[in-house]
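Novice: Pasting a structure here, questions to come.
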Amino acid sequence: AKASGRNTYSFFTDEMNTIMQRRFQLEEQMHGALERNEFEVYYQPQYTVLNQEIIGAEALLRWNNNSLGNITPDEFIPIAEHTGLIVPIGRYVIKQALTFLNQWQKQNALNYSISVNLSPRQFRDPGLVNFIKSTLKETHIAASCLNLEITEGVLMSGQSYIYQAISKLKKLGVKLAMDDFGTGYSSLNYLRQYPFDELKIDRSFIQGISENKPDCDLVKATIAMSHSLGLTVVAEGVETNEQLTLLQDMGCNVCQGYLLNRPLTIQQLLKLPK
Ligand code: C2E
Ligand code: CA
Ligand code: CA
Ligand code: CA
């Protein structure tokens with residue numbers, strides 16, 4: 001028993017070592033990645049559920065590093081968050097997204113919007129609101145065309161500076177979306193406390209709606225509740241026509257997902273039919 005205990009122990013440290021090494025490499029490479037221009041913002045189009053017209057896009061960050069290759073946001077965002085590097089990286093995303101939106105609106109429609117994900121650490125940046133304000137001005141984008149997506153993680157600490165930043169952003173006129181709705185612990189409570197404009201139903205619920213009665217009922221009820229609260233409902237991760245048809249029947253407003261389009265480069269997005 002002792003021997004196996006020791007084996008388990010050494011296996012554990014090896015595994016820990018690998019994880020720590022990878023983490024260390026990512027962190028090391030992330031410093032300077034902005035300067036080396038390794039980040040690129042992709043855009044996943046968002047469509048009206050009713051007739052699949054484009055109304056905007058969600059900005060999704062990509063990182064390509066010389067030695068590590070492509071790293072997914074699920075791996076690098078938590079590290080950027082932990083090190084604080086998400087602050088300059090997040091500002092870069094906002095600047096890129098609004099600069100692109102200016103070009104896209106001119107080409108297609110002035111009411112197109114762009115959604116940007118904000119993570120908890122970004123709210124500890126005392127300059128966040130002013131940065132957004134001045135970048136909107138610089139890029140000539142109406143505040144109402146910027147949609148900030150936040151998850152429960154942002155609200156969980158209950159810190160007053162978060163509430164204050166959100167109030168200031170609302171006063172500016174930007175839109176606020178609750179992301180990954182349904183995956184947290186007290187989403188309903190946050191809906192009551194914060195001035196959201198939009199609710200994004202998590203992909204894990206959308207996945208089940210055509211096969212799973214409970215998932216279907218939950219999504220239906222979420223849409224009804226959102227509408228009675230005056231919220232726009234976005235379904236994320238729509239992958240099949242069956243899902244789209246069901247969402248149409250349920251009166252969902254906006255959808256995004258591989259069925260309609262993957263996250264695209266600016267060049268690809270500008271080539272899409274209007
Ligand atoms: P999220 O905000 O929930 O973004 C949706 C994720 O689902 C994206 O993954 C998107 O590419 C993926 N997706 C979209 N449609 C489908 C579909 O039909 N099927 C499937 N299986 N997946 C779909 P991605 O781009 O890998 O991003 C992962 C997460 O990383 C995001 O989740 C978001 O939390 C975070 N993230 C990405 N970019 C940023 C950023 O600029 N700032 C911050 N703070 N977080 C970001
Ligand atoms: Ca999102
Ligand atoms: Ca989401
Ligand atoms: Ca997510």
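Nothing in this text is a laboratory measurement; each read-out follows from the coordinates by a stated rule. Just so you know, these numbers come straight off a predicted model, no measurement behind them. Ideal geometry is used to build each Cβ from the backbone, glycine not excepted, and the neighbour counts take in all protein chains shown.
Novice: Starting from region 179-208, keep only residues that are in contact (Cβ under 8 Å) with a residue 12 or more places away in the chain, then list their pairs with residues that are more than 14 Å from ligand 2 (Cβ to nearest atom) and of a type in the set (Phe, Trp, Tyr) whose Cβ atoms are within a distance under 6 Å, requiring at least 6 positions of separation or different chains.
Specialist: Going by the 6 Å Cβ cut-off, the qualifying pairs are Gly182/Phe205.
Novice: Checking the conditions here, which among Glu35, Glu15, Glu53 is within 23 Å of Leu270 (Cβ to Cβ), out of contact with any Gly (no Cβ under 6 Å at 6 or more places or on another chain) and exposed (fewer than 14 other Cβ atoms within 10 Å of the Cβ)?
Specialist: Numbers: Glu35 fails: within 23 Å of Leu270 (Cβ to Cβ); Glu15 fails: within 23 Å of Leu270 (Cβ to Cβ).
Matching residue, one of Glu35, Glu15, Glu53: Glu53.
Novice: Examine region 164-173 for a residue that is hydrophobic (A, V, I, L, M, F, W, C) and within 16 Å of ligand 2 (Cβ to nearest atom), and state whether such a residue exists. Don't jump to the end; show me each part of the working.
Specialist: Initial filter on region 164-173 (hydrophobic (A, V, I, L, M, F, W, C)): 165-166, 169, 172.
If we keep only those that are within 16 Å of ligand 2 (Cβ to nearest atom) too, we end up with none.
The answer is no, given that none of the residues of region 164-173 is hydrophobic (A, V, I, L, M, F, W, C) and within 16 Å of ligand 2 (Cβ to nearest atom).
Novice: For region 81-102, how many residues are under 16 Å from Pro120 (Cβ atoms), touching a residue at least 40 places away in the same chain (Cβ under 8 Å) and out of contact with any Leu (no Cβ under 9 Å at 6 or more places or on another chain)?
Specialist: Adding up the residues that qualify gives 2.
Novice: So which of Leu199, Leu169, Leu188 is away from ligand 4 (no atom under 16 Å from the Cβ) and surrounded by 15 or more Cβ atoms within 10 Å (Cβ to Cβ)? Walk me through it before giving the result.
Specialist: On the way: Leu199 fails: away from ligand 4 (no atom under 16 Å from the Cβ); Leu188 fails: surrounded by 15 or more Cβ atoms within 10 Å (Cβ to Cβ).
Criteria check complete, one pass: Leu169.
Novice: Residues in region 238-249: is at least one in contact (Cβ under 8 Å) with a residue 40 or more places away in the chain, more than 16 Å from ligand 2 (Cβ to nearest atom) and surrounded by fewer than 21 Cβ atoms within 10 Å (Cβ to Cβ)?
Specialist: Within region 238-249, the subset in contact (Cβ under 8 Å) with a residue 40 or more places away in the chain is 244, 247-248.
Subset that is more than 16 Å from ligand 2 (Cβ to nearest atom): 244, 247-248.
Filter again for surrounded by fewer than 21 Cβ atoms within 10 Å (Cβ to Cβ), leaving 248.
So far as region 238-249 goes, yes, one or more of its residues are in contact (Cβ under 8 Å) with a residue 40 or more places away in the chain, more than 16 Å from ligand 2 (Cβ to nearest atom) and surrounded by fewer than 21 Cβ atoms within 10 Å (Cβ to Cβ).
Novice: Output the helices (runs of 4 or more DSSP H) that fall wholly within region 110-173 and possess 2 or more residues being of a type in the set (Gly, Ala, Ser), or say none. Don't jump to the end; show me each part of the working.
Specialist: Details: elements: 128-139, 152-155, 160-172.
The helices (runs of 4 or more DSSP H) meeting that bar are 160-172.
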